[in-house]
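Here is the structure we will look at.
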Amino acid sequence: MSPARRTALPAIALLLLIGMPPSAPARPGPEASASPCAAEPARRVVLEDDSWRMVEITYPPGSESGVHEHPWPRTVYVLEGGTLELIGEDGAVRTVAVSAGDAQARGPERHRVRNPGETAVRVLETEWKRGGPAG
């Protein structure tokens, strides 16, 4: 097997396992921003099994996630702080300043996230797949 094929097969298996490309929203909707972003958030699945999904997400300045859904309860741990805007399904915007080491627990929700700041924000989300309606 060629080195390129050996590299591609695990990536394809991961995409099939999680059911979407790492940067794609779970269910895009009409609420997504119509204006193009300077960058998209980068997602890296750190761990995934039958019970847990741990994802490191980096929001570069000016990036926006697009509408996505978190079907399970999760914790969010901030690795690198900055400013984020959390935009709910109703369009309400909540601006939050986060610092490295901040943590919070969040329930299932559908929203989008935007980084209006000048620094990248990096978080580690851990979803408990057995803790919600999708589990």
Would you pull out the residues with amide H under 5 Å of Ala39's amide H, same chain only if 5 or more places away, H placed 1.01 Å from N? Ser63, Glu64
Can you tell me how much longer the chain between Ala92 and Tyr77 gets when fully stretched, taken as 0.36 nm per residue apart minus their C-alpha distance, in nm with one decimal? 3.1 nm
Kindly put Ser51, Ser63 in sequence by how many other C-beta atoms sit within 10 Å of each C-beta, fewest to most. Ser51, Ser63
Estimated vicinal HN-Hα couplings, Hz - the stretch 85-96 in sequence order (Karplus 6.51, -1.76, 1.60; Gly, Pro = x): 10, 9, 10, x, 4, 7, x, 5, 10, 10, 8, 10
Going by amide H atoms built from the backbone, whose H comes under 5 Å of the H on Thr119, apart from near neighbours? Thr83
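None of the figures in this text is laboratory data; all of them are computed from the coordinates on show. Just so you know, these numbers come straight off a predicted model, no measurement behind them. Cβ: placed from backbone, ideal geometry, glycine included. Neighbour counts: every protein chain shown.
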